[in-house]
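In what follows, a structure is listed as structure tokens, so that the remarks can point back to it.
Values quoted throughout were computed directly from the atomic coordinates according to the rules given, and no laboratory measurement underlies them. Note that the structure is a prediction, hence the values are computed from the model and not measured. Here the Cβ positions follow ideal geometry from the backbone for every residue, glycine too, while neighbour counts run over all protein chains shown.
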Amino acid sequence: MATVVNIDLMGDLQKFGAADVNACFSCGNCTAICPLSDNDATFPRRVIRYAQVGLTDELLGSKELWTCYHCGLCSDSCPTQADPGEFMAAARRYAIASYEPTGLARVLYTKPVIGTVIAVLVAAFFATFMLTQADLGGIDAPELALFDFVPNDVVHWLGIVVMAAMFLAGAWGVVRMVRAIGKRDGVTLKDTVGSGAAWKRTLGAVWDSLGIESLGQKRFRDDCHDDQEVEPLWRRRWLVHALTIWGFLGLFGATLIDYGLELLGIKETGTPIPLWYPSRALGTVAGLSLMYGVTVFMIGRWKKWSTAQADSKGSDWLFLSLLWITGFTGFVIEVALYMSAPPAWGYWVFLVHVAVAMELMLMLPFTKFAHAMYRPVALFFYALARERSTAGA
Amino acid sequence: MSESSKRRIGVYICHCGGNISDYVDVEKVREAISADPDVVVGKTTLFACADGTQHEMIDDIQGEHLDGLVVASCSPKLHTTTFRGVSARADLNPYAYTQVNIREQDSWAHTDDHDGATQKAIALVQAGIAKTRLSLPLEPLRVETVPATMVVGGGITGLRTAIGLADIGVAVTIVEREAELGGWVGKLGPMFPRDKPGREQIAELLAQVAARPTITVLTNAELVGKAGSFGNYTAKVRLRTEQTEELRQYQVGTFVIATGADVYAPEAGELGYGIDGVVTIHEFGTLVDAAKGSGTLAWQGRKVRSVAYVYCVGNRQLGGNEYCSKFCCAATVHASIKVSDLDPSIRQFHLHRDVRAYGKYELMYTESRERGSVYMRYPDDAPPSIEQLPDKRLAVTVTDALTSPEPLTLPVDLVVLVTGMVPRDNDDLTTLLKLPTGDDGFYNEIHPKLRPVETVVDGVLIAGACQGPKPATEAISGGLAAVTQSAGILKKGFAELDPLVATVTESMCTGCGECLTTCPYDAITSYVCDEGEKATISAASCKGCGGCAPVCPEDAIDLLGYTHAQMMAAIDGLVVAPEKEPVA
């Protein structure tokens, strides 16, 4: 049965960027020069062709979208200035918008004004909601008792609800993506968990995807920059990216430790603790790391340091801004907590901090943040394909 | 052999750098023929055609007062004009030179028999000497020419040709079969590469034609008769109206045939032709042109959102029209840009076998792609199939070599069949002018590069799409080449023709009429004199084919340069046993 093409695909996709991709005449220079393209994941030429012809399922089932780190070599060497690197980025945005069920990601990506309004409204909603639960009487207390201001339970349960919503939308997207890639790559459930050998393969691929690539940034670090002019270390993309990931995960870890300590009855959340205290030390180092990464990324996008940073959509800024505000307000609260005369604005900064952090998590499946779910999935399938082809050979 | 004609003949035997001398003992040939008393100079040479050898020949001809020249080398097709030129430069009559072919007809054919090849070479050269011995000095025929040209066909090529001719002072008669001038182009909207509508281009040409009093336009007219000879023909034209029919005669020096081509009409069912929404590129062009007013491309009242073009329809088909029509890729690429001008969101799929938007048209192709047209190459043996969907849209199923081996189905509102050109049905004209046509049905020029608008019929030139499918730009180039070629014939006021023509010895002719029906060029006519009916041959019309000479029962017809006496002598020369002394 012949595949019916979607004649609207290219026009739709171009709402997410890739203004010049029609100039592509499929010469394949991009694929030849790409240090990451290989027989197990061939791109960008093939994926561009899917878009030109209108093969939506093939496009959304292309793990190749996510095996690209947008170094820009392909765009530099494109004879028709079709900017294949930017196409890959636009296709990822399109994929994020297509996998999630609500249409919110599409709005955030393609309608910057409405997107900004939504972002502000969501933060305002969280802030207002918490304010209605707040005890405004304690503002003049001699110490900043933040969790007397907004009760710990409110933050806790709101966080649970937000995480659950995020998880639902995220899982929906991941399932759609897994099915699409599985169909295109011919990977079945039996292939992955049907036997001992299959399990072994699968777990190996999970380790490759999460351990070596996501946490270790191996290909980003070793392969992607092969032919690039060497950037100064402080702004090398893989390093900045790694610092951001590790910073984020570190903060997440610190929060878990803090929560664990409370469960164990060792320390209540919100109790002032010295700087060397494990959860606080980790949080501070991770926060600095995250702030460094996000700030450099934002400057890079602002200054258009690389081809990858040359074209930013509203949703990209939204993600970075939410991260940055969360981190920055966190440090401001930190400072406020240890000032001798606790300032009353500390409470308001805290309110902003929590509201933005909630929004960041809630928006995960709908912003650029979604790559944190989808890229590991794609890298898993890539590792699987590589294992299968090595086994086949 | 005639001893009475004591001649002074020079014979040159060529080694051809080994091509001949590796198999033929050229020294032995020279020795054998040097015994002939009429051979004053007998030489072998490494390359007869070399510049130095040519100078040596001229010196010999002048120093030895030669009155005949024999060059034994390669085929006369290669160097007849070379050595006629050598003769002329040495003040020797060019028709006193004979070319003997001892390469293609001897050394190359008998590489296994060196002795036999040498014997054959001697015989061939002897025959050449014998023919030369009886040669008569001939002068080119000079015919007066009429400074007028008849242009057959009033399309874009014919009109531009007529204007060009009028501007260099040649009177023109345009003969157009239809009621209106302008042909196909006159019906077209914007054309590549400059967007100017065909209608406007024709209107401009018509204004220019009208401004030139030396151009006569005949519409509803057909060329039905051609008599006379090169440079001075009598053309008969039949003018027809609904009630009347009139024959007129015009004296013209040359004809330019610019009858154009037809568009290929797909058969019912061919690639879905006949289904609502499947149109040819010509119909589509009209549709796009008409949509400019409303700004919306629509079909049957429904807005068109996607189009599929299927290329090479009726062209490049094994067993069918195998040629490429040259204009259609560029025309379609151009049409897609026009569609994009109307509405850039219309999706356009070009299903091609390779896009031949050559030369500067490549830029249009690039523009079309950059505006979002998708080009898909389908395999030669798997053309797209077209079906109508229940919602009246069309489903085009095709395999795109670039994307995947699986077929794809394109849901589109319109399918455009990119149809090429086919030769016009012009049998009467073809027969009348004896124009040669190729297997494809288009008229053939003598040589596609070197003599691109001349035909084997003297004074009849061809231009435009009648000689092969092409874009209007190239058709007009051909027309202007025909202008130059006509000028070359007509502007001197006379033309020189090869004198190798047939003549009738009046006293021997019995007026039997055998020859009259033999001549393929209608050069022989009969007349009545005191002695009764006699045949005569128009030197200007005769092509020297020799067809009439053997049919004459009285041997009254001789072909100059190849007279009976010369041919008999040459045969005698061939059969003389080389070992023996020449028969005295």
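Computed over the alpha carbons of segment B:388-440, Rg followed by Dmax gives 20.7, 55 Å. Taking trypsin sites (Lys or Arg not before Pro) across segment A:190-268, the ones in a DSSP loop with at most 15 further Cβ atoms lying within 10 angstrom of their Cβ are A:LYS267. Using the Stokes-Einstein relation with a Kirkwood hydrodynamic radius computed over Cα pairs, the translational diffusion coefficient of segment B:502-559 at 37 °C and a viscosity of 0.692 mPa s comes to 297 µm²/s.
Along segment B:135-150 the Karplus relation, 6.51 cos²θ - 1.76 cosθ + 1.60 evaluated at θ = phi - 60°, assigns HN-Hα couplings of 6, 10, x, 10, 10, x, 7, 10, 10, 6, 10, 9, x, 8, 10, 9 Hz to successive residues, with x for each Gly and Pro. Positive contributions from Lys and Arg (+1) and negative ones from Asp and Glu (-1), summed over other residues with Cβ under 15 Å from the Cβ of B:PRO383, come out at -4. Backbone geometry of segment A:260-267 corresponds, through the Karplus equation with coefficients 6.51, -1.76 and 1.60 at θ = phi - 60°, to 3J(HN,Hα) couplings of x, 4, 5, 4, 7, x, 7, 8 Hz, x marking Gly and Pro.
Annotation: lysines with alpha-carbon distance below 23 angstrom to B:LYS6 (same-chain offsets under eight excluded): B:LYS43, B:LYS131, B:LYS580. Contact order for segment A:232-379, expressed relative to its length and based on alpha carbon pairs under 8 Å spaced 6+ residues apart, stands at 20 percent.
Give the relative contact order (percent, whole number) for segment B:502-559; include only Cα pairs under 8 Å separated by 6+ residues.
Values: 96 pairs, mean separation 26.9, N = 58.
Value for segment B:502-559: 46 percent.
How high is the relative contact order of chain B? Use alpha-carbon pairs under 8 Å, at least six apart in sequence, and give a whole percent. Computed value for chain B: 15 percent relative contact order.
Tell me, what are the semi-axes, in whole angstrom and largest first, of the equivalent ellipsoid of segment B:481-528 as set by the roots of 5 times the Cα gyration tensor eigenvalues? Write out the running numbers ahead of the final one.
Details: eigenvalues 211, 32, 17 Å².
Equivalent ellipsoid semi-axes, largest first: 33, 13, 9 Å.
Cβ crowding within 10 Å, taken as a proxy for footprinting-reagent exposure, orders B:LYS226, B:LYS28 from fewest neighbours to most as B:LYS28, B:LYS226.
Once you compute Rg and the Kirkwood Rh from C-alpha atoms, what is the Rg to Rh ratio for the protein assembly as shown? Let's see the in-between values first.
Working: Rg = 44.7 Å, Rh = 36.7 Å.
Checking Rg against Rh, the ratio lands at 1.22.
Close lysine pairs were tallied over segment B:302-457: pairs 8 or more places apart or on different chains with Cα atoms under 23 Å apart number 8.
Sorted largest first, the spans of the alpha carbon positions of segment B:419-519 along the three principal axes are 60, 33, 19 Å.
Sorted from greatest to least, the principal axis extents spanned by the alpha carbons of segment B:533-577 come out as 43, 21, 13 Å.
Rank the residues A:PHE319, B:PHE47 as a footprinting-exposure proxy: fewest other Cβ atoms within 10 Å of their Cβ go first.
Values: A:PHE319 24, B:PHE47 15.
Ascending number of Cβ neighbours within 10 Å: B:PHE47, A:PHE319.
Remark on B:ARG347: its backbone amide H falls under 5 Å from those of B:SER306, B:VAL307, a criterion applied only to residues 5 or more positions apart or on other chains, H modelled at 1.01 Å from N. GNM remark for chain A: springs join alpha carbons under 10 Å apart, and the peak mean-square fluctuation among A:THR367, A:THR271, A:THR42 falls on A:THR271.
Taking loop as defined by DSSP and a crowding limit of 10 other beta carbons within 10 Å, which trypsin sites (Lys or Arg not before Pro) in segment B:443-528 fit?
Loop-located and lightly packed - B:LYS449.
Values of log10 I(q)/I(0) for chain B across q = 0.06, 0.09, 0.12, 0.13 Å⁻¹ run -0.48, -0.87, -1.12, -1.21, by the Debye formula with one identical scatterer at each alpha carbon and no solvent.
Both radii come from the Cα set of segment A:193-311: Rg as radius of gyration, Rh as Kirkwood radius; their ratio Rg/Rh reads 1.11. Globularity index of segment B:264-420 is 0.97 (Cα radius of gyration / 2.2 N^0.38 Å, N = number of residues).
Local charge sum around B:CYS548 (other residues, Cβ-Cβ under 13 Å, Lys/Arg +1, Asp/Glu -1)? Summing Lys and Arg as +1 and Asp and Glu as -1 gives -4. Each of A:MET298, B:MET421, B:MET508 was scored by other Cβ atoms within 10 Å of its Cβ. Listed from fewest to most, they are B:MET508, A:MET298, B:MET421. Working note: Cα atoms of chain A, range along each principal axis, descending, whole Å: 71, 49, 43.
Note on chain A: with a GNM built from Cα contacts shorter than 10 Å, the maximum mean-square fluctuation among A:ASP222, A:ASP40, A:ASP258 falls on A:ASP222.
Divide, for segment A:9-99, the radius of gyration over alpha carbons by 2.2 N^0.38 Å, where N is the residue count.
On the way: Rg = 11.4 Å, N = 91, 2.2 N^0.38 = 12.2 Å.
So the Cα radius of gyration is 0.94 times the expected 2.2 N^0.38 Å.
Extending 7 Å from the Cα toward the beta-carbon at both A:THR128 and A:LYS190 defines two label points whose distance is 5.5 nm.
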